[in-house]
Amino acid sequence: MVRRFLRHMPTDVYHVCDEQHRLLYVGMSANVFKRMREHKKYAGWWPIAYDGYVIQYATREQATAEEARAIRDGRPIFNRRSEAFRADGPEGEITEYLEIFWRDGEVYVDAENSNH
């Protein structure tokens, strides 16, 4: 029941870059800011993260395909390449876009360049 519900929930795909705008990591989450708190504890890329963006898709299925395409096409430094096998899913309907940035180890939303 829960899995079926999650499939139809809006889901975020986030892209994290360093100060030179190199793509460090692409991930997916139904709660991106909770996921960022988890990354802060364990992710090797967290100390060098500088900015990025979050795109919300209408369904988890769409987000899964978009995440895989972003990994395949962007070749982020910290992603495992094996995740790209899911890239053949449906094109995603974007429901929200947020620009994010890191300062002093915390992640923030750039309200001026986001549509929320």
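Sub-8 Å Cβ pairs linking a first residue in the stretch 54-73 that is buried (at least 23 other Cβ atoms within 10 Å of the Cβ) to a second residue that is of a type in the set (Ser, Thr, Tyr), at least 6 apart or interchain, are VAL54/TYR14; VAL54/TYR97; TYR57/THR11; TYR57/THR95; ALA63/THR11; ALA63/TYR57; GLU66/TYR57, ordered by first then second residue. Listed by first and then second residue, the pairs with beta-carbon distance under 8 Å, at least 6 apart or on different chains, first residue in the stretch 33-45 and over 13 Å from ILE100 (Cβ atoms), second open to solvent by 50 Å² or more (accessible area, probe 1.4 Å) and of a type in the set (Phe, Trp, Tyr), are ALA43/PHE78; GLY44/PHE78; TRP45/PHE78. Among the residues of the stretch 18-32, those identified as farther than 14 Å from ARG103 by Cβ and open to solvent by 20 Å² or more (accessible area, probe 1.4 Å) are GLN20, HIS21, ARG22, LEU23, TYR25, MET28, ALA30, ASN31. Among the residues of the stretch 74-116, those that are at pLDDT below 80, surrounded by fewer than 16 Cβ atoms within 10 Å (Cβ to Cβ) and part of a loop (DSSP other than H, G, I, E, B) comprise ARG80, ASP88, PRO90, GLU91, GLU93, HIS116.
The values are calculated or read from the model by the stated rules, or taken from the named source; none is laboratory data. Just so it is clear, the structure is predicted and the values come from calculations on it, not from any experiment. Don't worry about glycine lacking a Cβ; one is built from the backbone with ideal geometry, like all the others, and counts go over all protein chains shown. Side chains are part of the model used for accessible areas, which takes the heavy atoms of the whole protein and leaves out ligands, DNA and RNA. Shrake-Rupley method; radii C 1.70, N 1.55, O 1.52, S 1.80 Å.
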